[in-house]
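The values are calculated or read from the model by the stated rules, or taken from the named source; none is laboratory data. Keep in mind it's a predicted model, so treat the numbers as computed, not measured. Note: ideal-geometry Cβ built from the backbone for every residue, glycine included; neighbour counts use all protein chains shown. Ligands, DNA and RNA are stripped out before the accessible areas are found, and what is left, the full protein with its side chains, is counted by its heavy atoms. Shrake-Rupley method; radii C 1.70, N 1.55, O 1.52, S 1.80 Å.
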Amino acid sequence: MSLPRPAPDRTAVVTGASSGIGAAIARQLASRGHGVTLVARRADKLDELADEIRAGGVRAEVLAADLSDRTARAELLGRITDLGLIPDILINNAGLSTLGPVAESDPDAEMHMIEVDVVAVADLCTRFLPGMVERRRGALLNVASTAAFQPLPGQAGYGACKAFVLSYTQSLTGELRGTGVTATALCPGPVQTGFGEAAGFAKDDAEKALPSIMWVSAETVAKTAVDDMTKGRMVSIPGPANRIGSIFAQITPRTLLVPMLTRIHPGLKNGASS
């Protein structure tokens with residue numbers, strides 16, 4: 001099993017490509033010769049990355065799209081094909097998190113998170129996969145998290161969103177068997193990308209809650225993800241500590257795990273809320 005071969009009229013669509021893991025995956029794909037279509041809300045944040053990739057002799061397109069907007073999602077595939085490009089690879093990376101107890105949360109922020117982290121993933125899969133299956137080639141990467149393997153008090157909605165992404169992608173691997181299309185769930189642990197700060201974490205609190213051995217760079221996450229897509233793996237977990245931690249989270253009784261996680265989660269300290 002391998003990724004579809006690069007070609008001038010083929011592209012890898014990367015959502016949330018303006019920074020962090022998305023930008024690193026786009027660079028990793030481009031380094032292997034894949035043209036990329038970079039998607040995020042603001043095109044100006046993507047232009048610098050696109051210029052960098054083009055300087056390496058690889059095609060890069062920039063498409064501004066707010067993936068919380070259902071109309072914008074519905075138009076995305078057509079915008080790509082109108083450029084004369086065939087989307088052979090889809091990276092559903094765009095995502096966000098809220099922080100704090102649900103009882104103190106902002107309902108609009110919670111629903112916005114679910115729209116981007118869950119509904120947008122399923123929406124884009126239903127739109128892009130039929131063409132891949134028809135062409136009998138393609139690769140899908142849905143970005144979940146090691147949070148998918150456990151409850152996450154303090155980020156209850158985020159953990160549940162990522163559990164959906166993991167389960168959904170695992171089911172897709174069964175449905176896609178024999179089609180020439182693969183599906184991989186990427187489950188990174190903590191990554192220094194600014195994601196936590198955007199959610200409301202203090203950097204020091206996040207680093208205290210999670211051992212340094214679990215932190216992995218965005219570049220390592222991206223390389224692991226693309227390597228595992230190439231191998232057709234169903235689940236990709238960057239870093240040995242995170243792989244061990246995911247096993248521990250799955251086998252530990254919830255009666256023990258939930259109180260432990262509640263005690264250490266920064267989102268439940270000092271009255272933090274979403």
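In a fully extended conformation the segment linking residue 171 and residue 230 would gain 19.4 nm over its present Cα-Cα distance, using 0.36 nm per residue. Checking (i) 26, 24, 17; (ii) 41, 30, 15; (iii) 31, 20, 18 against semi-axes √(5λ) of the Cα gyration tensor in Å calculated from these atoms, the matching label is (iii). A Förster distance of 25 Å, applied to the separation of the beta-carbon atoms of residue 269 and residue 110, puts the FRET efficiency at 0.80. Taking amide H as placed 1.01 Å from N in the peptide plane, residue 41 has its amide H under 5 Å from the amide H of 65, each at least 5 places away in sequence or on another chain. Only protein heavy atoms count here; on that basis, with a 1.4 Å probe, residue 247 has an accessible area of about 100 Å².
For residue 264, the solvent-accessible surface computed with a 1.4 Å probe is close to 70 Å², ligands and nucleic acids excluded.
Note on residue 244 and residue 51: the extension gain reaches 65.6 nm, defined as 0.36 nm multiplied by sequence separation minus the Cα-Cα distance. Rolling a 1.4 Å probe over the heavy atoms of the protein chains gives the stretch 1-50 an accessible area of 43 Å² per residue. Computed extension gain for residue 32 through residue 7, at 0.36 nm per residue and net of the alpha carbon distance, reaches 7.9 nm.
Between residue 42 and residue 66, the modelled labels are 1.4 nm apart [label points 7 Å from Cα along Cα→Cβ]. Principal-axis analysis of the Cα atoms of the chain puts helix 70-81 at an angle of about 30° to the longest axis.
At a 1.4 Å probe, what is the % contribution of carbon and sulfur to the accessible area of the chain? The C+S portion of the solvent-accessible surface of the chain is 54 percent. Summary of the geometry: the stretch 77-136 and the stretch 137-189, compared by the centres of their Cα atoms, lie 12 Å apart. On the principal axes of its alpha-carbon atoms, the stretch 1-114 has extents of 50, 34, 25 Å, going from largest to smallest. Here the sum of -39500 (n - 2.57) over DSSP H runs of 4 or more residues, divided by the residues of the chain, equals -14500 deg cm²/dmol at 222 nm, to the nearest 500.
Accessible area per residue (1.4 Å probe, heavy atoms of protein chains only) ranks 233, 41, 73, 135 as 41, 233, 135, 73, with the largest value leading. Scanning residues 5 or more positions from residue 184 or on other chains, those with amide H under 5 Å from its amide H are 140, 141, 142, with H placed 1.01 Å from N in the peptide plane. Mind checking which aspartates and glutamates have their C-alpha under 15 Å from residue 162, skipping anything on the same chain fewer than 8 residues away? List returned: 110, 115, 117.
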